[in-house]
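Novice: Let me give you the structure first, and then I'll get to my questions.
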Amino acid sequence: MALVDIKSMFKAEILKAFKNAGYPAYRASQVYLWLVKGVKSFDEMRNLPKGLISELKEKYYIAGVEIERKLISKFDGTIKYLFRLNDWEHIEAVVMSYKHGYTICISTQVGCKMGCKFCATGMGGFSRDLTAPEMISQIKEAELDNEIRISNVVLMGMGEPLNNYKNVVKFLRLVSSKENLNIGMRHISLSTCGIIDKIYELAEEKFQLTLSISLHASDDLTRSKIMPINNKYNLDELLTACRFYISKTNRRISFEYAMIAGVNDSDECAKCLAEKLRGMLCHVNLIPANDIDFAPGNYKKSGMEQIKKFVNILEKYGINVTIRRTLGTDINASCGQLRRSTKKVEV
Ligand code: SAH
Ligand code: SF4
């Protein structure tokens, strides 16, 4: 019989399974507490009798991540992890320290199918989806390793969260539940390249999380050139889905826009963007693109002067805009780069 991943079970599910197996209810609570603490094996559950431990091992396994490499930025203390999964796949996560606490950027897939031309993950291919506990374990492992409590989670690491919808929704419910890590939805951001049917589905969940849309262009021609998903769902369709999302959840959407020199950073691009977003409950986050030497176009980040001009134009149209602070530049903190370099070494 295949072993069941006990970490992907809600407390109520464990209680029910234990009841059916004839174990007392308090054992389920004990096991759940250990799992939330981040133990890696049943042997570590010190208050369980040996007999129960062996029975549990015959039915269940504990999914998780192991630290393979850890890099710490000398500039700002940003920590980057390369985690190894049970099947020896690798993913990345980044821990950043802000005034209001620690934020972790976690992965939702091993690689990504979306193939965005400026993205190290997209250029590195796709292996598999992550399970909900594998997402939770990235947070727990970072907390244990640094003896910290993480208050904010962003789903902006490797992978496209809405391409792994079922597991991501399960993760959101687990991580925010009081019995688990108890990280409220308002402290969680989910970033997507714009899988529209899933944006509609997510809107119906009415989660109070922040939805980020990786926009990166204000016209279809440019967007399709750098983001293949735009050939399936164009900008108009995407922005209509965003308006629907806002109307359902009442939450402000954050638009991510990586500034790539000579590609999407002209004054005309800024005006076009402002026209498209006018009147929407939203925020634009400009990111000086990480230089992308592996991409066919050999893209480069825009100069600060042009980025500031872009900001001025958006502000003139009344659009709320910020330039994202770049952290961990010395450790390749943007996701996909470390796995990529590991793969290169392995070849
Ligand atoms: N797949 C999701 C989430 C992971 S990507 C998405 O695309 O939104 C996380 C963020 O990093 C996205 O906004 C993505 O567009 C951005 N990104 C990827 N490569 C980048 C680069 N070279 N420079 C700046 N941002 C980049
Ligand atoms: Fe995938 Fe996001 Fe990278 Fe695009 S930007 S390839 S959707 S991880």
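The values are calculated or read from the model by the stated rules, or taken from the named source; none is laboratory data. Small disclaimer: the values here were computed from a predicted structure and weren't measured. Counting neighbours? That spans all protein chains shown, and the Cβs are built from the backbone with ideal geometry, glycine included. Accessible surface is based on the protein model in full, side chains and every heavy atom, while ligands, DNA and RNA are left aside. Shrake-Rupley method; radii C 1.70, N 1.55, O 1.52, S 1.80 Å.
Novice: Got a number for residues in the stretch 139-155 being out of contact with any His (no Cβ under 9 Å at 6 or more places or on another chain) and either over 14 Å from Asn180 (Cβ atoms) or of a type in the set (Ser, Thr, Tyr) (or both)?
Specialist: Within the stretch 139-155, residues that are out of contact with any His (no Cβ under 9 Å at 6 or more places or on another chain) and either over 14 Å from Asn180 (Cβ atoms) or of a type in the set (Ser, Thr, Tyr) (or both) number 9.
Novice: Testing Ile253 on (1) open to solvent by 20 Å² or more (accessible area, probe 1.4 Å); (2) over 19 Å from Cys119 (Cα atoms); (3) touching a strand residue (DSSP E or B) at 6+ places or on another chain (Cβ under 9 Å), one condition comes back false. Which one is that?
Specialist: Every condition holds for Ile253 apart from (1).
Novice: Working only within the stretch 117-155, note down all residues that are more than 15 Å from Arg84 (Cα to Cα) and under 16 Å from the mean Cα position of the chain (by Cα).
Specialist: Result: Cys119, Ala120, Thr121, Gly122, Phe126, Ala132, Ile150, Ser151, Asn152, Val153, Val154, Leu155.
Novice: Only residues that are within 16 Å of ligand 1 (Cβ to nearest atom), under 30 Å from Phe244 (Cβ atoms) and assigned to a helix (DSSP H, G or I): list them for the stretch 278-321, please.
Specialist: Phe310
Novice: Pull up the stretch 111-129, narrow it to residues that are among the aliphatic types (A, V, I, L, M) and touching a Gly at 6+ places or on another chain (Cβ under 7 Å), then point me to the one that is least open to solvent (accessible area, probe 1.4 Å).
Specialist: Among them, the one singled out is Ala120.
Novice: Go through the residues of the stretch 130-138 one by one and say whether even a single one is of a type in the set (D, E, K, R), more than 13 Å from ligand 2 (Cβ to nearest atom), in contact (Cβ under 8 Å) with a residue 60 or more places away in the chain and crowded, with 19+ Cβ neighbours inside 10 Å.
Specialist: Within the stretch 130-138, one or more residues are of a type in the set (D, E, K, R), more than 13 Å from ligand 2 (Cβ to nearest atom), in contact (Cβ under 8 Å) with a residue 60 or more places away in the chain and crowded, with 19+ Cβ neighbours inside 10 Å.
Novice: Among the residues of the stretch 302-316, which ones are under 17 Å from Val284 (Cα atoms) and of a type in the set (D, E, K, R)?
Specialist: Lys308, Lys309, Glu315, Lys316
Novice: Could you grab me the full set of residues in the stretch 141-185 that are in contact with a Lys or Arg (Cβ under 9 Å, 6 or more places away or on another chain), part of a helix (DSSP H, G or I) and open to solvent by 30 Å² or more (accessible area, probe 1.4 Å)?
Specialist: Of everything in the stretch 141-185, those that are in contact with a Lys or Arg (Cβ under 9 Å, 6 or more places away or on another chain), part of a helix (DSSP H, G or I) and open to solvent by 30 Å² or more (accessible area, probe 1.4 Å) turn out to be Leu144, Asp145, Asn163.
Novice: Then there is this: If I filter the stretch 75-88 for residues that are of a type in the set (S, T, N, Q) and open to solvent by less than 30 Å² (accessible area, probe 1.4 Å), do I get at least one hit?
Specialist: So far as the stretch 75-88 goes, yes, one or more of its residues are of a type in the set (S, T, N, Q) and open to solvent by less than 30 Å² (accessible area, probe 1.4 Å).
Novice: If we keep just the residues of the stretch 16-33 that are among the hydrophobic types (A, V, I, L, M, F, W, C) and surrounded by 19 or more Cβ atoms within 10 Å (Cβ to Cβ), which is nearest to Glu55 (Cα to Cα)?
Specialist: Filtering first and then ranking leaves Phe18.
Novice: Also, quick follow-up: Within the stretch 1-28, restricting attention to residues that are closer than 16 Å to Val39 by Cβ and among the hydrophobic types (A, V, I, L, M, F, W, C), which residue is farthest from the chain's Cα centre (by Cα)?
Specialist: For the stretch 1-28, the residue satisfying everything is Ala28.
Novice: Among the listed residues Ile213, Ile199, identify the single one that is of a type outside the set (Lys, Arg), in a strand (DSSP E or B) and crowded, with 19+ Cβ neighbours inside 10 Å.
Specialist: Only one candidate qualifies: Ile213.
Novice: Take the residues of the stretch 216-231 that are in a helix (DSSP H, G or I) and more than 16 Å from ligand 2 (Cβ to nearest atom): which is farthest from Met9 (Cα to Cα)?
Specialist: Among them, the one singled out is Leu221.
Novice: Scan the stretch 236-250 and tell me whether some residue there is open to solvent by 10 Å² or more (accessible area, probe 1.4 Å) and not in a helix (DSSP H, G or I).
Specialist: yes
Novice: Pairs, please: C-beta under 8 Å, at least 6 apart or cross-chain, first residue closer than 24 Å to Asn146 by Cβ and in the stretch 102-125, second part of a helix (DSSP H, G or I) and near ligand 1 (Cβ under 7 Å from one of its atoms)?
Specialist: Thr108/Pro161
Novice: Pick out the one residue from Ile67, Ile53, Ile104 that is open to solvent by less than 10 Å² (accessible area, probe 1.4 Å), β-branched (Val, Ile, Thr) and either assigned to a helix (DSSP H, G or I) or within 26 Å of Leu172 (Cα to Cα) (or both).
Specialist: Ile104
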